Amino acid sequence: MSHFRATRRPVRYHILLYAIAAAVLAGCGGDDDSADGGSPYKLRTTAFRSNAVREPGESGTIKVRACWVLSPSFVARSIDANARLAAAANNSLDLSICEWHRSDAQVKLMVDAAPRAQLRYYNLLAEQHEYYNADPGRKARQIKGVGEDSAYGGAGAWWTRDRNQLVAYDHDKIFKVRVNVRGFSDATARAAAIVLAKRAVRGSR
């Protein structure tokens, strides 16, 4: 009898261990594992929400022409020129470019309506800050009150001194205005670019 009892105890002990292990495994394999094929990662419980910057956009949506939003007479007044400026247009699917020029002056406007304009505007600004922030001539100097100031980057426009160029964002479009006039200081060129950009932005909405 003693030998019988000695052999029964370890058998019962092993059966108990098997039962506990089975219960633990059953508890770990819940509904989440069965829903995603046994993946160790939990399923997303909240819906993914995109925003305007991630939207893919659509080509061919531009409905304005650069030479339409700025007349030669307005450009001439903005750079304090009495002589009339000649205009030259260059338009494509998502870009509209106009140049007004004479012997001592050149003004250029580019309207860019290609997809993801706000993201590209922000990337341009971020690159300018990253590579040229220590260079006074190529540093991006942000300007408010021209474009859409709620855009990513902190302001709706910025100016680069060495390029005499103002870049602005507004309503899914990027605007680039360059003012090269003989004898203009940086402050004068910048002031003229702001006037031109404001008119172009509002005329393109």
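The values are calculated or read from the model by the stated rules, or taken from the named source; none is laboratory data. Every value quoted in this text rests on a predicted model; they were computed, and no experiment measured them. Cβ sites come from the backbone with ideal geometry, for glycine too, and all protein chains shown count toward neighbours. Just the protein is used for accessible areas: all its heavy atoms, side chains included, with ligands, DNA and RNA removed. Shrake-Rupley method; radii C 1.70, N 1.55, O 1.52, S 1.80 Å.
Would you confirm whether or not the stretch 186-203 contains a residue that is assigned to a strand (DSSP E or B), open to solvent by less than 10 Å² (accessible area, probe 1.4 Å) and closer than 28 Å to residue 82 by Cα?
no
Would you please name the residue that is farthest from residue 182 (Cα to Cα), looking only at residues in the stretch 96-126 that are open to solvent by less than 60 Å² (accessible area, probe 1.4 Å) and either without any contact (Cβ under 8 Å) to a residue 40 or more places away in the chain or of a type in the set (D, E, K, R) (or both)?
Among them, the one singled out is 126.
Take the residues in the stretch 140-185 that are free of Cβ contacts under 8 Å to residues at least 60 places away in the same chain and among the acidic types (Asp, Glu), then tell me which one is most open to solvent (accessible area, probe 1.4 Å).
162
Does at least one position in the stretch 113-124 carry a residue that is small (Gly, Ala, Ser) and over 24 Å from residue 151 (Cβ atoms)?
No: the stretch 113-124 contains no residue that is small (Gly, Ala, Ser) and over 24 Å from residue 151 (Cβ atoms).
If a residue counts only when it is in contact with a Phe, Trp or Tyr (Cβ under 7 Å, 6 or more places away or on another chain), which strands (runs of 3 or more DSSP E) contained entirely in the stretch 66-151 have at least 1 such residues?
On the way: elements: 86-91, 95-102, 105-112, 141-143.
So the answer is 86-91, 105-112, 141-143.
Can you tell me which residues in the stretch 162-185 are hydroxyl-bearing (Ser, Thr, Tyr) and part of a strand (DSSP E or B)?
Matches in the stretch 162-185: 169 only.
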